[in-house]
Structure formats: structure tokens, C-alpha cells
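K.L.:
Provided herewith is a single structure, encoded as C-alpha cells, for subsequent inquiry.
Values in this text are rule-based calculations from the coordinates and carry no lab data. Predicted model, so just to flag it, every value in this text is computed and none were measured. Quick reminder, even Gly has a Cβ in these numbers, built from the backbone with ideal geometry, and neighbours come from all protein chains shown.
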Amino acid sequence: PQPVRLEDYRPPAYHVEQARLRIDLSGETARVDARLELRRNPAAAPEDTALRLDAEFLELEALHLDGEALDPAALRAADGALVIPDPGARCRVETTSRFRPAENTALSGLYRSGRMYCTQCEAEGFRRITPYPDRPDVLAPFTTTLIADRTACPVLLSNGDCIEAGALDEQRHYAVWHDPYPKPAYLFAVVAGDLSCQEERFTTASGREVALRFYTEPGNAGRTEHALASLKRAMRWDEQQYGLEYDLDTYMVVAVGDFNMGAMENKGLNVFNTQFVLASPDTATDADYEGVEAVIGHEYFHNWTGNRVTCRDWFQLSLKEGLTVFREHQFAEAMGSAAIERIRQVRLLRSAQFPEDAGPMAHPVQPKSYVEINNFYTATVYAKGAEVIRMYRTLLGDTPFRRGVRRYLERHDGEAATIDDFLACMEEASGADLQQFSRWYHQAGTPQVTVRDEYDPEREVYTLHCRQHTPATPEQPRKAPMHIPLAVGLLGPDGAPLPVQLAGEPADEAAHTRVLELREAEERFEIAGCPQRPTPSLLRGFSAPVAVEYPYSDDDLAFLLARDPDPFARWEAGQQLAVRVLLAEAAGEPRPGGLERLEAAFRGALEAPGADPALTAEVLTLPSETYLAEQLEVVDPQAIHDARAGLRRALGQALTAHWQALCEQHPGRPWRHSAEEAAQRRLANLALSYLVAGSPRHLDRALQQLERSDNLTDRLAALAVLADSEAPQAERAIEAFHQRWRDEPLVVDKWFRVQATASRPDALEQVERLTRHPDFTLDNPNRARALLGAFAQGNPACFHSPDGRGYRLLADHVLALDARNPQLAARLLGPLSHWRRYEPQRRTAMREQLERILAQPALSKDVHEVASRSLE
Ligand code: HT7
Ligand code: ZN
């Protein structure tokens, strides 16, 4: 397949002035009649006179141009699109198409999920509903008539407002929806089914009334309360933070069980994976409650950053996704603890995006080409893109940053914009020159910043020498220096924060945290007024998505962990200390005194008076095996796993009394969703896992917790501890859990996930067995991710079994899935792409599976692109 390139962008030849659809879902076969009013785009190149209507998965029954029938066969391009050579300055195109929603297993376009019909059009799903110029820079107002069986589908929804509804005959009814906001086809949605609705109202800052309607299958009614409350908080926050109000009279959210991603921001009609909208104490953990609030916020924020101002083409994807993830992060920081949120964001960035940046799929935040756009909904576009937005704010200041966002939204309202447009607004709003900064969009790879220092006691000047280097990535062998905001603090020997005053600057500009702007490959910063040699606290708040290297001693790290006033930096120091101990252990060269030092640091964190339990829990959580692997040139996953498990055992034993005390401090009250109680549960459950890691005699505590808890957080924590064990009572408990919750799909997903990520030597055999379990299916993405995705990403030691069985298992399922759901198949394949990082035996076995996949005939372009790029 030919790649699509950014440099080949051409404006569309035609605008759609009106799109009218009639979608009849009353039979097995859906029938779609479309009537498009089109006008030539004056900005198009004069030679671009052809009208291209993308189409796939459709049987085209009729095609008319201005009332005249055309022969579709004569207009078909190789990729299935219809190309009408020169339909004139204005024209009307009418089509009739048919397809079978139940056969749409790719979950792109219009498909069935359970008994309901729903759509997913981003990125290129609309062309699977009707022939259309399916590109984000073609914006149109839509009027949609939906027809369906009255009993099977009493609820008929689409974007905008319902302007008419009624019965058609004894069996069928209809509804007409009109969306006045011109939108690209990827934001189109319809839903039809027998759905329960929970409704509340929201009054906007300017006094408009908005109806908020959440639709679920009847069995899930009553599980949308938390999502509704989250939505109201998000709406209020966006008004207060950015002055942005909602713009339609209704905001609808539909919960769907079969969904390829988390949720979709369709105008006025969001479609959500049930996982990110339903929440009840029995079916969702504290983390799920947080996930619901985050995704509800994210999709709502898209109404401005994505919908009112959309993307010109898919190379601009981070324009909406990076900005919206950043807004989601700001929202989460405002609703809970900013430091804890930041730690979680960084954990995710380091475990998902840093490896991507270092692997064969590495690409810039603005990619230059793609074969299948679905493969570019990545951690780089989303999470690194959000970091880029955060850096604008760090460098420009909060007020100019918000001014820039407002200017961007006002100037481009109703348009399809580019990343350059956004950057230009930021420059105008701040007066800053962001040309060098723009490299963050164009250069892939994680910059490495090496810091060295020297101290001149006579001048009382402390100098930081900074060197930056961005490693080569595919197609980008050489990189230019980046504009990096490096937030720095200094601590005196007694732990007191020192002002950071750059030499030559007035003293009143000094601050305790200072953002140094790195622009050169090498540069130095002199800090005046340091009577003693300070300890530097670097990259405070993770001010840039870089890796910093500074020769801290273990004592320095322990000191920072105990004393740094910046909570993020404290956590980071603890992680670095643990990384050192663990990597030395994994290399078979234990660090003398390392364990004792870490134990002392943990003890300090556990005994710190008045400590925030949420931060304590983060500090006591060891770096993940994935993050540890990321630090090594050549990875032996078993050695890393053994080192981490060994350290957990040692800490479990050394601090038994502390862990026991923490378990006892569990809230004990009936479950309630609150950040404070969630932090206490998290700490208590972490303590339980250390206790059992220290000695299996504590398993009984887990069994009791599983039986007695009134909420899924505690049950699942107990279940996870039990799943690590091969003891018969643990296996019985796991079986009993399934029996009890077998009718709750989201809980069954967790049951699969817990076993897939279990730290027991035979987890691979367990996963093989579970792929044959009657509740396992590849047709449900949540289920496939819960078993196969969780295993390949969350159980490195067993997935990377040296005999290659884990790789074969994954490859078999990727191939089985490819014909049905290529988007999901390509995502599951991801972990195999890192084959070059592993020791020779595993490397060879991984490569063999990639080659086997690539040798299959009729591979989707999704899987083909990932497999072939991995092997390049
Ligand atoms: N904008 C959406 C991204 C998306 C998607 C969602 C569901 C299924 C397939 C999808 N392809 C792309 C989700 C978001 O970022 O908010
Ligand atoms: Zn998004």
C-alpha cells in the first residue's frame, strides 16, 4: 500500500454545503440514501476538478449527478472510491447504498454492538456508511433521518437536535436530527436501540439550559451517576478556565460494549466504551472512577478543541489530541492532587511513549507519512503532544498561554486548522519566537539531557553545564537542538530551598524553581549567591519530555527523596534510587548497601509525619518492569522480573510491621468514591501485596479481604495477590470470583486481566488455557485487550518466555483477528515490534513471528504497516 504524505496535501476540490442522509435500519441490511449539495472550492488547484467520494464496505445501488444516473463501475478508483471527473461548479449527488451492520466486525462505520446500532467514524469510518469526501477539511451541516423497528429500537439518535419524529407504519418509526454546526464526517454519529436514559440539566455560565442525557442498555441503568457528575464538573471547569461554554441544547453520551478505543467525541452525541462511562462500586475500581472522569472530560473538551476547530488533515491529529489531553490533565490536576496527577502522567509517558520513541514505530508528534492512519493514534501524538502543549505554558506563562488558546479558537472557529496555525497564535499572544520550539512537532525521539556541575566557593557561583542529544530514529538520523524548558531548584545542605538567581540578574528575579531554557547542544548556566555547594533538583514537575542524566550519589537521591519540597521531584528521586538497585541486581552485580538504603528510604516515607497517603503510595511503588527494561540496551525480561520480585520480597519482609499497620488502617467504612479514601485503599492494598510478597502466610488476609469487601477496588487487589500464587485455595478463590461475577462483562475483563498479568511462573500456560475459556472472544475488544494485550504488555517475564511460546500465542491471535478487526489486531501486535531490544534468543523468536505474520496473504494494511516497519 502507498503511504499518504503530508507534503502531498491539496485542498479539497469540493465543499459539501448540505449533507442529507436517510438511514434505514429496519432490516438486516442497512440502506442509506444520501443527498449532497456540493460547490467547487475556490481555493482548490484549477486542475483539481474531480470530485472524489470515498467508499468502502458498501454495495452501491444507485448514483445520480444532478438527477442523471451514472454508472458507478465506470467511476470506481482502485481503492473503491468513486471519482466523478468534472461535475461542475455546483452539483447535487445522490447515492443509495447498502451494507450489513452485523457483518461489520471492524467496528468502524455503522455496526451492531449487542442489540444496539452505533457508529465510529474517526478516522475514516464514514465512507463505510455512504460515499462521501471523507476527509477532515470538508465540513458540512448534516440532517439525518433514522428509521428503525419501533420495538427493537425505540431510541433513535444522531448529532445536533431532534427536529421531527413519528411513526412510519405499524412496525417502524423515524426521527430527524439536524446539526447546525458544519462538521467533518468523522464527527458524524447515529445510535439506535432499546436504551435506558438518565437525564440531568446543566445551566451554562450565560444561563442557557442544556439537557445531559446518558444512554445505556437497560441492565446498566443507574451506573452513569458518576459520569454525569464528572461531565458537570468538566463543563464548569472549561467555562472557568478557558471561558468556553457548551453550544447545543443537548449533550448525549451512549455506552457501548464493543468499541475499539476509549470514547469518541461526535458532535453532541459522544459514544463511549462502557469501561469509561459506567461505574458502580461492584463493577469499577477507584482507578476506573478516575478513568471515567478523565475520559468524560476529554471528550467534552473536544467540543471546542477538535469539533468547533478541527484538523485540516490527519497529520494535524495532535492539534486536537495533544491539546485535549493537556486540557484533560489540567482538569484532573484541578479536581484532585496536582502532584499525584503529574506523577501518573509521567509514569504513562515513560512506559508507553518513551519506548515508542525508541522503537521502529517512532514518529514525530506531527508524522510525515502514514499507510494506515489508525496506526497513528499513538502515545506520541496524544501524550507527547500534551507535553508539547504543557511546554508552551511553561515557557510563555499561564496568561499568555490561555490568551493564545482563545485567539486560536476565535480565529479558526468553524474551520479545519493546522499545528502551524496554533503555533502562530501562541507566538502572537506572547510575542515569543517559537521557531526552534516547533522542532518538538517534527523531530522524533526522546531528547537526552546530560547535566554536570561545578561550584566556585570564592565567587559563590554554582554552574550547571547542560548537553542535549536526541537519538537517531527511523528516517531521522540527525537531530537539531531542541528548545527545552528545564525547571531547576537548589537545596542547601540542610535541605532548605535556595533561590535560583542567574548570574547578572537582579536578585528579586530569583525563584525557588527556575525554568532554564536550553537551546544549544551545549550550554552553561551560572547561578549566583550560593554560599555552599547545593544539591540540584532537576526537571521539577517533569517540565519537558526528556531523560535527564546527572551523577547523583545514592545519598543525594535519598536526601532529595526526604527533603525536596517539590513532590514530583521527591517521587522521582525515590524511583531513581530503586532503578539503580534493581538494574544492578538484574545485571547480577548487586549494589553494595543498595537494599539497605532503599529500605531506609521506604521506612522514612512510611514514617514521615503528616505525609500524603497518595504520594506515599506512589513513592512505595517500584518502577515497572517495562520502565526498567527501557533503561537497558539489551533486555533480559526474566532477570528484571526476578530482581523486582526479589526486592519486593525483601521489602515485604523487612518492613512487615509497617505493612501490617497499613493494612489495618484501611478505611473500613462502607465504600465511598473520594480521593482521600481511594488513596487510603491504594496504600492498604499496596501494603497487602508487599506482605504477601514477603511471605505466603499472609495469603489468608487476601482471602478474607476478597470475601468481606464491599467494593471492586479491594476485591481486585486481593484477587491480584491471589492470582500470583499457585496455592489451591487461591485457585479456588479465582474460580469463585468468576462464578459470582460472570454476568458483568467489565468485571470479567478484570478477571482475565488479573490472571494475564499474574506473577506466577506458569502464567503463559494460564493464558493459553484462558484463550479457550467460554467467556473469551476476540470479537469484543475489551476482552481481547484484557487477556492478550495485558499479557503482552503487562507480564514481560512470561510473554518473553525464551522458547518463544508467548510470541507465537500473540501472533496466532493477531492473525485470527486481522480479517475481522484490523485496527485492534495492529494494536495488539505492538509489543512484538520492540524485538531488537532483546537478548539474541528472544530477538530471533520475535522476529520469526513478525516474518510469519508478514508472509500471510491478504494482510490488512494496519497489520502490514506495523509488521513491516518493525522489520525494516
Ligand atoms: N478522537 C477519538 C479517537 C479515535 C477513536 C475512538 C474510538 C474508536 C476508534 C477511534 N479512532 C480514533 C477518541 C479521542 O481521542 O477522544
Ligand atoms: Zn481525543
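K.L.:
How large is the direction-averaged shadow of the alpha-carbon convex hull of region 608-657, in nm²? Before the final figure, lay out the partial values.
P.N.:
Numbers: hull surface 17.5 nm².
Mean shadow area of the hull around the Cα atoms is 4.4 nm².
K.L.:
Additional query: For the chain, state the semi-axes of the equivalent ellipsoid (square roots of 5 times the eigenvalues of the alpha-carbon gyration tensor), sorted largest first and rounded to whole angstrom.
P.N.:
On the way: eigenvalues 410, 224, 143 Å².
Equivalent ellipsoid of the chain: 45, 33, 27 Å, largest first.
K.L.:
Mind jotting down a quarter of the surface of the convex hull over the alpha carbons of region 580-714, in square nanometres, one decimal? Don't skip to the end; give the middle numbers.
P.N.:
Working: hull surface 35.5 nm².
Answer in nm², one decimal: 8.9.
K.L.:
Can you work out the FRET efficiency for the pair Asp169 and Asp194, with r the C-beta to C-beta distance and R0 = 25 Å, to the nearest 0.05? Show your work: numbers first, answer last.
P.N.:
Values: r = 19 Å, r/R0 = 0.76.
After rounding to 0.05, the efficiency reads 0.85.
K.L.:
Pulled fully out, how much extra length does the chain show between Asp413 and Thr250, if you take 0.36 nm times their separation in residues and subtract their Cα-Cα distance? Spell out each step's value before the answer.
P.N.:
Details: separation 163, 0.36 × 163 = 58.68 nm, distance 2.02 nm.
Result: 56.7 nm gained on full extension.
K.L.:
Hey, another quick one. Cα-Cα over 20 Å: which of Lys267/Lys861; Lys267/Lys384; Lys183/Lys861; Lys320/Lys384; Lys232/Lys750? Walk me through the intermediate numbers first.
P.N.:
Numbers: Lys267/Lys861 29 Å; Lys267/Lys384 26 Å; Lys183/Lys861 27 Å; Lys320/Lys384 13 Å; Lys232/Lys750 28 Å.
Over 20 Å apart, Cα to Cα: Lys267/Lys861; Lys267/Lys384; Lys183/Lys861; Lys232/Lys750.
K.L.:
Give the separation of the Cα centroids, region 654-721 to region 818-867, in Å.
P.N.:
Cα centroid to Cα centroid, the span is 39 Å.
K.L.:
Kindly work out what percent of the DSSP beta bridges joining two residues of the chain are antiparallel, to the nearest 5.
P.N.:
In the chain, approximately 80 percent of DSSP beta bridges are antiparallel ones.
K.L.:
Give me a comma-separated list of calculated 3J(HN,Hα) values for region 165-181, in order, Karplus coefficients 6.51, -1.76, 1.60 applied at θ = phi - 60°, integers in Hz, x for any Gly or Pro.
P.N.:
Per residue, the Karplus-derived 3J(HN,Hα) values read 7, x, 8, 9, 7, 4, 9, 10, 9, 9, 9, 10, 10, 10, 10, x, 7 Hz.
K.L.:
Between Glu37 and Leu502, how many nm apart are label points set 7 Å from Cα along the C-beta direction?
P.N.:
5.8
K.L.:
Same structure, new question: Using only the alpha-carbon atoms of region 310-442 as identical scatterers, what base-10 log of I(q)/I(0) does the Debye formula give at q = 0.16 Å⁻¹?
P.N.:
After summing over all Cα pairs, the log10 values are -0.83.
K.L.:
Let me understand region 64-166 better: what is its radius of gyration from the alpha carbons, and its Dmax, in angstrom?
P.N.:
In order Rg, Dmax, the Cα atoms of region 64-166 give 15.8, 45 Å.
K.L.:
Which net charge results when you count Lys and Arg as +1 and Asp and Glu as -1 among the other residues whose beta-carbon is under 9 Å from that of Phe301? Mind showing how you got there, number by number?
P.N.:
Details: positive: Arg327; negative: Asp238, Glu265, Glu299, Glu328.
Here the charged neighbours net out to -3.
K.L.:
Next question, about the same structure. Given a Förster distance of 41 Å, report the FRET efficiency between Asp710 and Arg10 from their Cβ-Cβ distance, rounded to the nearest 0.05.
P.N.:
Working: r = 60 Å, r/R0 = 1.46.
After rounding, the FRET efficiency stands at 0.10.
K.L.:
A further question on this structure: Going by amide H atoms built from the backbone, whose H comes under 5 Å of the H on Ala165, apart from near neighbours?
P.N.:
Val176
K.L.:
Based on a Kirkwood Rh over C-alpha pairs, give the Stokes-Einstein translational diffusion coefficient of region 745-872 at 4 °C and viscosity 1.567 mPa s in µm²/s.
P.N.:
Details: Rh = 14.5 Å.
Using the Kirkwood radius from Cα pairs, D works out to 89 µm²/s.
K.L.:
Next up: Which cross-chain or sequence-distant (5 or more) residues have an amide H under 5 Å from the amide H of Leu244, H modelled 1.01 Å from N in plane?
P.N.:
Glu239
K.L.:
Order 346-355, 631-640, 196-205 from most to least packed using the mean count of other Cβ atoms within 10 Å.
P.N.:
Details: 346-355: 19.7, 631-640: 17.9, 196-205: 13.9.
Output ranking for 346-355, 631-640, 196-205: 346-355, 631-640, 196-205.
K.L.:
Please turn the phi angles of region 34-51 into ³J(HN,Hα) values with the Karplus equation 6.51 cos²θ - 1.76 cosθ + 1.60 (θ = phi - 60°), one per residue in order, whole Hz, x for glycine and proline.
P.N.:
For region 34-51, the Karplus-derived couplings read 10, 10, 10, 9, 10, 9, 4, 8, x, 7, 6, 5, x, 7, 8, 9, 7, 9 Hz, x marking Gly and Pro.
K.L.:
Take the Cα gyration tensor of region 448-551, multiply each eigenvalue by 5, square-root it, and list the three semi-axes largest first, rounded to whole angstrom. All intermediate terms of the calculation are to be shown ahead of the outcome.
P.N.:
On the way: eigenvalues 146, 33, 31 Å².
The answer is 27, 13, 12 Å, longest axis first.
K.L.:
To the nearest 500 deg cm²/dmol, what mean residue ellipticity at 222 nm is calculated for the chain from DSSP H runs of n ≥ 4 alone, each contributing -39,500 (n - 2.57), summed and divided by the residues?
P.N.:
Working: 30 runs with 336 residues, N = 872.
Calculated from helices alone, the mean residue ellipticity at 222 nm is -11500 deg cm²/dmol.
K.L.:
For region 448-551, what is the percent of antiparallel DSSP beta bridges, rounded to the nearest 5? Before the final figure, lay out each step's value.
P.N.:
Details: 30 of 33 bridges.
Just about 90 percent of them are antiparallel.
K.L.:
Measuring from label point to label point, each 7 Å out along Cα→Cβ, what is the Glu517 to Gln532 span in nm?
P.N.:
If labels sit at Glu517 and Gln532, their model points lie 3.4 nm apart.
K.L.:
Would you work out if region 635-741 is rounded, prolate or oblate? Take a ≥ b ≥ c from the square roots of the eigenvalues of the alpha-carbon gyration tensor; rounded if a/c is under 1.5, else prolate when a/b is larger than b/c, oblate otherwise.
P.N.:
Numbers: a/c = 1.76, a/b = 1.24, b/c = 1.42.
Oblate shape, in that a/c is at least 1.5 and b/c is the bigger or equal ratio.
K.L.:
Cβ neighbours within 10 Å, averaged per peptide: list 573-579, 526-532 in order, most packed at the top.
P.N.:
Details: 573-579: 22.3, 526-532: 16.9.
Averaged packing, sorted descending, gives the order 573-579, 526-532.
K.L.:
Whole-Hz ³J(HN,Hα) for each residue in region 248-263, computed from phi via Karplus 6.51 cos²θ - 1.76 cosθ + 1.60 with θ = phi - 60°, x for glycine and proline: what do you get?
P.N.:
Per-residue couplings from phi come out as 10, 7, 10, 10, 10, 10, 10, 8, 10, x, 10, 8, 6, 10, x, 5 Hz.
K.L.:
Moving on to the next point. Could you tally the net charge around Gln575, taking each other residue with its Cβ under 11 Å from the Cβ of Gln575, Lys/Arg +1 and Asp/Glu -1? Numbers along the way, then the final one.
P.N.:
On the way: positive: Arg347, Arg350, Arg570, Arg580; negative: Glu572, Glu618.
Every neighbour counted, the sum reads +2.
K.L.:
Could I ask something else about it? What nm value, rounded to one decimal, do you get for the distance between Glu765 and Glu664 when each label is placed 7 Å out toward the C-beta?
P.N.:
So the two model labels end up 4.0 nm from each other.
K.L.:
Follow-up. What FRET efficiency do you get for Gln631 and Glu596 if R0 is 25 Å and r is their Cβ-Cβ distance, rounded to the nearest 0.05?
P.N.:
Working: r = 22 Å, r/R0 = 0.88.
Efficiency at R0 = 25 Å is approximately 0.70.
K.L.:
Can I ask one more? By average Cβ neighbour count within 10 Å, what is the ranking of 860-871, 398-409 from highest down? Please report the intermediate quantities before stating the final value.
P.N.:
On the way: 860-871: 21.1, 398-409: 17.8.
Highest to lowest by the protection proxy: 860-871, 398-409.
K.L.:
Right, here's the next one. Count the net charge of all other residues whose Cβ sits under 11 Å from the Cβ of Asp282, scoring Lys and Arg as +1 and Asp and Glu as -1.
P.N.:
Numbers: positive: Arg223, Arg715, Arg740; negative: Asp710, Glu744.
Result for the local shell: +1.
K.L.:
Another question about this same structure. Taking H as built 1.01 Å from N, whose amide H comes closer than 5 Å to the amide H of Leu516, not counting residues under 5 places away?
P.N.:
It is Leu486, Ala487, Val488, by chain and number.
K.L.:
Now for a different question. Determine the distance separating the Cα centre of region 176-244 from the Cα centre of region 251-269; give it in Å without decimals.
P.N.:
Value for the Cα centre distance between the two parts: 10 Å.
K.L.:
Sticking with this one: Using a ≥ b ≥ c from the Cα gyration tensor of region 197-352 (square roots of the eigenvalues), is it rounded, prolate or oblate, where a/c under 1.5 gives rounded and otherwise the larger of a/b and b/c decides, a/b for prolate? The partial results should precede the final answer.
P.N.:
Numbers: a/c = 1.32, a/b = 1.06, b/c = 1.24.
Rounded shape, in that the Cα axes give a/c under 1.5.
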